[in-house]
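Heads up: the structure comes next, in structure tokens.
The values are calculated or read from the model by the stated rules, or taken from the named source; none is laboratory data. Keep in mind the model is a prediction, meaning the values are calculated, not measured. Note that we place each Cβ from the backbone using ideal geometry, even for glycine, and neighbour counts take in every protein chain shown.
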């Protein structure tokens with residue numbers, strides 16, 4: 001079955017710097033890619049999602065890149081600020097149904113002033 | 001705003017005891033899910049349901065039962081709690097099979113002693 005690896009497990013950056021999180025997956029049939037953010041003591045919230053026909057998507061200081069050849073998904077937090085401190089998860093599936101979502105292991109991002 | 005509420009927020013249980021975790025959603029969503037979060041494993045799907053009075057097994061159902069008595073409520077039941085079931089449990093809901101977004105509750109931290 002699908003295997004998802006996420007790295008790094010921890011990431012510390014200064015305010016204004018970029019932070020990049022990478023997920024690699026194994027199933028070439030994977031068609032749906034998403035990133036979730038978990039703030040302390042809270043549940044996960046969807047940040048962005050893309051389908052397999054999209055290589056790049058930018059929204060509100062976040063950039064998602066999808067490299068289907070290398071089976072690699074990345075999230076770039078450009079100009080990070082302390083409010084970005086959280087745990088980030090990638091989640092992928094062959095379809096858009098939540099029951100099929102496979103989550104990465106999470107990256108704890110700490111942004112210092 | 002979508003709302004998924006879980007109770008209790010935390011619980012300490014004894015090995016061999018029965019534990020019930022509750023989830024209530026006001027989103028009018030058909031799909032509800034129970035995930036388990038462990039350090040180094042991301043989130044793993046335990047059970048899900050797409051209609052009241054019916055539940056389906058997820059990826060790690062052993063040792064867990066689920067109940068969906070109504071569209072709004074979804075419970076996770078540990079009949080004989082074990083040490084290995086110490087984890088954070090998340091409930092989530094989504095509109096349906098084509099839904100892109102899972103809406104998560106804030107989680108229940110379960111400690112089995």
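Taken as a whole, segment A:50-66 holds no residue that is over 21 Å from residue B:103 (Cα atoms) and in contact with a helix residue (DSSP H, G or I) (Cβ under 6 Å, 6 or more places away or on another chain). If the condition is being in a strand (DSSP E or B) and modelled with pLDDT under 95, then segment B:8-34 contributes B:31, B:32, B:33. Scanning segment A:67-98 for residues that are touching a helix residue (DSSP H, G or I) at 6+ places or on another chain (Cβ under 8 Å) and away from chain B (no Cβ under 14 Å) gives a single hit, A:77. Provide a single number: the residues in segment B:30-69 that are in contact (Cβ under 8 Å) with a residue 40 or more places away in the chain and facing chain A (nearest Cβ under 10 Å). Total meeting the criteria: 8. Quick check on segment A:51-65. Is at least one of its residues in contact with a strand residue (DSSP E or B) (Cβ under 9 Å, 6 or more places away or on another chain) and facing chain B (nearest Cβ under 10 Å)? Scanning segment A:51-65, I find at least one residue that is in contact with a strand residue (DSSP E or B) (Cβ under 9 Å, 6 or more places away or on another chain) and facing chain B (nearest Cβ under 10 Å), so the answer is yes. Among the residues of segment A:27-37, those identified as part of a loop (DSSP other than H, G, I, E, B) and either within 14 Å of another protein chain (Cβ to nearest Cβ) or surrounded by 13 or more Cβ atoms within 10 Å (Cβ to Cβ) (or both) are A:27, A:30, A:31. Screening A:67, A:76 for residues that are surrounded by fewer than 16 Cβ atoms within 10 Å (Cβ to Cβ) and over 26 Å from residue B:33 (Cα atoms) leaves exactly one candidate, A:67. Could we say that residue B:83 is in contact with a strand residue (DSSP E or B) (Cβ under 6 Å, 6 or more places away or on another chain) and loosely packed, with under 15 Cβ neighbours inside 10 Å here? Yes: the conditions hold for residue B:83.
Being surrounded by fewer than 16 Cβ atoms within 10 Å (Cβ to Cβ), within 25 Å of residue A:108 (Cβ to Cβ) and touching a strand residue (DSSP E or B) at 6+ places or on another chain (Cβ under 7 Å) holds for only one residue in B:9, B:36, and it is B:9. Closer than 27 Å to residue A:39 by Cβ, within 14 Å of another protein chain (Cβ to nearest Cβ) and at pLDDT 95 or above, is that true of residue B:108? Yes, satisfied.
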